[in-house]
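Heads up: the structure comes next, in structure tokens.
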Amino acid sequence: MKRMFLIAMAAMAVILAGCSSNKTRTPNTFVDCNTLERAENIAGFRLNLPEKLPFSYKTRQYRALKGEMIEVVYKGDSEVCIRKGSGFKDISGDNTSYDYSKRLVLGGTSGQLRGTEKDSYHVATWKNPDTRYSYSITSEEGLTESNMVAMAHFIQ
């Protein structure tokens, strides 16, 4: 009896598997770029970066998602990532629940700072309703509010 039940269950699983869709969406993948200009061409929009950064770095990597996003990763003792993407979503890629959160005000737009300690923020996110772009800065080690805001003012 037990064996018949197992055979029936296996047959049902095969039938149901045949009804399911095998279509899977291929996730968008970043394209590594040698220059910012190449990343801008792939994304379809420009990214203005700050000339002065409040940290030192050894390498800078440009990446893009076709028609969607530009990412610039600065690597040194720590890693800092700047992103610009189309639309109004959180593009930081950081889903960590932080202890500290503060409203970020940048001229006519606002966003959010998130971090583990007061005045040590790991994520800054904001959106520009006029241009319909979202922005983010993420930092492994954390940056002060003033450093995050100073960088964000230049990123467009």
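The values are calculated or read from the model by the stated rules, or taken from the named source; none is laboratory data. All values derive from a computational prediction rather than experimental measurement. For neighbour counting, all protein chains shown are included, and Cβ atoms are generated from backbone atoms with ideal geometry for every residue, glycine included. Calculation scope for accessible area: heavy atoms of the full protein, side chains included, ligands and nucleic acids excluded. Shrake-Rupley method; radii C 1.70, N 1.55, O 1.52, S 1.80 Å.
Residue check: is Ser146 touching a helix residue (DSSP H, G or I) at 6+ places or on another chain (Cβ under 9 Å) and either over 22 Å from Tyr57 (Cα atoms) or among the small types (Gly, Ala, Ser) (or both)?
On the way: touching a helix residue (DSSP H, G or I) at 6+ places or on another chain (Cβ under 9 Å): no; either over 22 Å from Tyr57 (Cα atoms) or among the small types (Gly, Ala, Ser) (or both): yes.
Against the criterion (touching a helix residue (DSSP H, G or I) at 6+ places or on another chain (Cβ under 9 Å) and either over 22 Å from Tyr57 (Cα atoms) or among the small types (Gly, Ala, Ser) (or both)), Ser146 does not qualify.
How about the range 94-129: which of its residues are assigned to a strand (DSSP E or B) and either free of Cβ contacts under 8 Å to residues at least 12 places away in the same chain or small (Gly, Ala, Ser) (or both)? Before the answer, list the steps.
Residues of the range 94-129 assigned to a strand (DSSP E or B): 100-106, 109-117, 120-128.
Hits for the range 94-129 are Ser101, Arg103, Val105, Ser110, Gly111, Gly115, Ser120, Ala124.
How many residues are within 18 Å of Lys127 (Cα to Cα), touching a residue at least 40 places away in the same chain (Cβ under 8 Å) and assigned to a loop (DSSP other than H, G, I, E, B) if we restrict to the range 47-72? Spell out the reasoning first.
To start, the set of residues in the range 47-72 that are within 18 Å of Lys127 (Cα to Cα) comprises 47-50, 67-72.
If we keep only those that are touching a residue at least 40 places away in the same chain (Cβ under 8 Å) as well, we get 47-50, 68, 71.
Subset that is assigned to a loop (DSSP other than H, G, I, E, B): 47-50, 68.
Counting residues in the range 47-72 that are within 18 Å of Lys127 (Cα to Cα), touching a residue at least 40 places away in the same chain (Cβ under 8 Å) and assigned to a loop (DSSP other than H, G, I, E, B) gives 5.
From the list Gly76, Gly111, which one is closer than 28 Å to Thr29 by Cβ and more than 16 Å from the chain's Cα centre (by Cα)? Walk me through how you get there before you give the answer.
Details: Gly111 fails: more than 16 Å from the chain's Cα centre (by Cα).
Residue meeting the stated conditions: Gly76.
Return the residues of the range 13-60 that are at pLDDT below 50 and open to solvent by 100 Å² or more (accessible area, probe 1.4 Å); say none if nothing qualifies.
Filtering the range 13-60 for residues at pLDDT below 50 gives 13-26.
Correct list: Val14, Ile15, Leu16, Cys19, Asn22, Lys23, Thr24, Arg25, Thr26.
When residues of the range 130-156 are filtered for being among the acidic types (Asp, Glu) and free of Cβ contacts under 8 Å to residues at least 40 places away in the same chain, how many remain?
1
Name the one entry in Ser136, Ser86, Ser92 that is within 12 Å of the chain's Cα centre (by Cα), open to solvent by 30 Å² or more (accessible area, probe 1.4 Å) and under 28 Å from Lys66 (Cβ atoms). Write out each step before concluding.
On the way: Ser136 fails: open to solvent by 30 Å² or more (accessible area, probe 1.4 Å); Ser92 fails: open to solvent by 30 Å² or more (accessible area, probe 1.4 Å).
Criteria check complete, one pass: Ser86.
Right, Ser110: in contact with a Lys or Arg (Cβ under 7 Å, 6 or more places away or on another chain) and either open to solvent by less than 60 Å² (accessible area, probe 1.4 Å) or not β-branched (Val, Ile, Thr) (or both) or not?
Values: in contact with a Lys or Arg (Cβ under 7 Å, 6 or more places away or on another chain): yes; either open to solvent by less than 60 Å² (accessible area, probe 1.4 Å) or not β-branched (Val, Ile, Thr) (or both): yes.
For Ser110, the condition - in contact with a Lys or Arg (Cβ under 7 Å, 6 or more places away or on another chain) and either open to solvent by less than 60 Å² (accessible area, probe 1.4 Å) or not β-branched (Val, Ile, Thr) (or both) - is met.
Just to be sure before I move on: is Lys66 modelled with pLDDT of 95 or more, over 11 Å from the mean Cα position of the chain (by Cα) and of a type outside the set (Ser, Thr, Tyr) in the structure I sent?
On the way: modelled with pLDDT of 95 or more: yes; over 11 Å from the mean Cα position of the chain (by Cα): yes; of a type outside the set (Ser, Thr, Tyr): yes.
Yes; evaluated as a whole, the condition is true for this residue.
Filter the range 131-156 down to the residues that are assigned to a strand (DSSP E or B) and either at positive phi or aromatic (Phe, Trp, Tyr) (or both) and list them by number.
Filtering the range 131-156 for residues assigned to a strand (DSSP E or B) gives 133-143.
The answer is Tyr133, Tyr135, Gly142.
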